[in-house]
Structure formats: C-alpha cells, structure tokens
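First up is the structure itself, then whatever we jot down about it.
Computed from the coordinates by the stated procedures, all read-outs in this text should not be read as laboratory data. All figures in this text were calculated on a predicted structure; none of them were measured in a lab. Here the Cβ positions follow ideal geometry from the backbone for every residue, glycine too, while neighbour counts run over all protein chains shown.
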Amino acid sequence: MGQPGPPELHVVTGAFGFSGKYIAARLLKAGHRVRTLTNSPTRANPFGGAVDARPLCFDDKAALVESLAGAAVLYNTYWVRFNHADFKHSIAVENTLKLFHAAKEAGVGRIVHISITNPSVESPLEYFRSKARLERALADSGLPHTILRPAVLFGKEDILVNNIAWCLRKFPVFGVFGDGRYELQPIHVDDLAGLAVDAGP
Ligand SMILES: NC(=O)c1ccc[n+]([C@@H]2O[C@H](COP(=O)([O-])OP(=O)(O)OC[C@H]3O[C@@H](n4cnc5c(N)ncnc54)[C@H](OP(=O)(O)O)[C@@H]3O)[C@@H](O)[C@H]2O)c1
C-alpha cells in the first residue's frame, strides 16, 4: 500500500469567530491542513499553531489569491450582522464578491457558503436581499459550491439565543413581536459545522 498523500488544504474565514471556529475544529479533526482568513489576525488563536492565519485583505487581490492557492475547499462565513455607521452590508457584499473572484483565480476546488434562510432579492430587509445577491453571484461564478441556509445558530458563544434565554430565566414577562405564533428552526453551531464539512469534497 502506498503512503497517504499530504493533507488537503481547507480554508475557512473567521476561524476565531463563531461558526468558523467550529468548522475549523471539525476540519482539523478530519485531518485536513487548515488556514483561516480573518479580519482579526491578532486575536487569540484557540488552535495555536494548528491553524495558519492570514488577513482577509480584500483590497490586495494578489495576496488573497495566494492565500487561497491550492485549497480544496473554502468555507465562507464572512458577513456583517448589522449596518454600522462605518460598515454596511453593501461593503460586505462587495468584499464577498472579491473573495469569490480570488477563489476562482486561485483554483479553489469548492466553496461552501453560509447564507441565511429565505434569501430573496424581493426582501424588504437588506440582509436577506444581499444574501440572495451573493447566492446568485456564486451560482453564476461556475465554481463548484454548496450553500447552507441556517435560520439562527445557537451554541456557547452565541449572543442572541443565550441573551433571550437569560431574560426568560430572570424576568417574569418577555415581549415578542406580532402574535408570537411564528416558527423558527435554530441549529446548533456545531451541527452547522458538520454539514459544512460534509459538503466539502
Ligand atoms: N449567527 C447566526 O445566528 C446566523 C444565523 C443565520 C445565518 N448566519 C450566517 O452564518 C455566517 C456566519 O455567522 P457567524 O455568526 O458565525 O459570524 P461571525 O463569526 O460573527 O463572523 C464571520 C466572519 O465575518 C467577519 N465579520 C463579522 N462582523 C464583521 C465586521 N463588523 N467587520 C468585519 N468583519 C466582520 C468575521 O471577522 P473575523 O475574522 O475578524 O472574526 C468573520 O470572518 C454568516 O454568513 C451569517 O449570515 C448566522
């Protein structure tokens, strides 16, 4: 029997953040070589030397392509949750398109892209319209890809569901919008990571 080949390179955005950390942990467990592209290269690296960190340098295409070269899969979690005074969803869309272009130029084998439930260009919400635009761009790119559409994530580091749970434990009343009968199917962040890693080659 021949020697096993060198481990494949898998690149994940935001491995020091929320879902990216769980995806990176699963990739390491599966024996892959893992690199992260991050906006926080100086943040504590919970993986030590096991994860190589490179900057998400959207304005340096050559460096972005170089960081992605040879990657079997790119797992893209990059997004901003809210429009801020100095950072908008529209910038995140433009940056994500740059990431897709760089991945194509670098010859990345597949993109696993984390989107959102019910993205639509008709949505009154910019978050959902922007996500629909990115899904379209990825489909049009010709890159092999998988799109995951979670509704809401929960887990130890989550702030939304954990804060709601804290309020429910501490206060006798809790306000909900509308009639409160709408349904939502959350997913644990590690289950999403499992789906993402299973979608790689
Ligand atoms: N969290 C949820 O409940 C939820 C629900 C549905 C869908 N999703 C989708 O799942 C994906 C990942 O979500 P997540 O909660 O795991 O994200 P996250 O860890 O908070 O962030 C993921 C990536 O985006 C970057 N980022 C986040 N905010 C930024 C900002 N203000 N400026 C610059 N970069 C920023 C992070 O930068 P760093 O590299 O610096 O960490 C990281 O690379 C997103 O596409 C999101 O739309 C999330």
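Using only the alpha-carbon atoms, how far is helix 126-141 inclined from the longest principal axis of the chain? Give it as 0 to 90 degrees, nearest 10.
30
Listed here are the pairs K98/K131; K29/K98; K61/K156; K88/K170; K29/K61; which of them are more than 24 Å apart at the Cα?
K29/K98; K61/K156; K88/K170; K29/K61
Tell me the angle of helix 160-170 to the major Cα principal axis of the chain, expressed in degrees between 0 and 90 and rounded to the nearest ten.
40
D60: net charge of surrounding residues, Cβ under 14 Å, Lys/Arg +1, Asp/Glu -1, itself excluded?
Taking every other residue near D60 into account, the sum is 0.
Once you have a ≥ b ≥ c as the square roots of the Cα gyration tensor eigenvalues for the range 1-73, tell me rounded if a/c is under 1.5, and otherwise prolate or oblate according to whether a/b is larger than b/c.
In terms of gyration-tensor shape, oblate.
Quote the FRET efficiency, to the nearest 0.05, computed for E94 versus I159 with a Förster distance R0 of 35 Å and r equal to the Cβ-Cβ distance.
So the FRET efficiency works out to roughly 0.85.
Note the angle between two axes, namely the Cα long axis of helix 89-106 and the longest principal axis of the Cα atoms of the chain, as a number of degrees from 0 to 90, rounded to the nearest 10.
Computed tilt is about 20 degrees.
Measuring from label point to label point, each 7 Å out along Cα→Cβ, what is the H84 to K104 span in nm?
Going from the H84 label point to the K104 one covers 3.0 nm.
Charges only on Cβ, +1 for Lys and Arg, -1 for Asp and Glu: so what's the dipole of the chain about the Cα centre, in debye to the nearest 20?
Using only the charged Cβ atoms, the result is roughly 280 debye.
Quick one: order S120, S40, S67 by neighbouring beta-carbon count within 10 Å, fewest to most.
Ranked by crowding around the Cβ, least crowded first: S120, S40, S67.
Using only the alpha carbons of the chain, what is the convex hull's orientation-averaged projected area in square nanometres?
Approximately 14.2 nm², given one-decimal rounding.
What's the local net charge at I159, with K and R +1, D and E -1, over the other residues with C-beta under 15 Å away?
+1
Apply 1/(1 + (r/R0)^6) to the Cβ-Cβ distance of A137 and A69, taking R0 = 35 Å, and write down the FRET efficiency to the nearest 0.05.
Here the calculated transfer efficiency is 0.95.
Taking square-rooted eigenvalues a ≥ b ≥ c of the alpha carbon gyration tensor, is the range 23-65 rounded, prolate or oblate, where a/c under 1.5 means rounded and, failing that, a/b exceeding b/c means prolate?
Oblate is the answer for the range 23-65, as a/c is 1.5 or above yet b/c matches or exceeds a/b.
Let me have the 222 nm mean residue ellipticity of the chain computed from DSSP H runs of 4+ only, each contributing -39500 (n - 2.57), with the sum over all residues rounded to the nearest 500.
-11500 deg cm²/dmol
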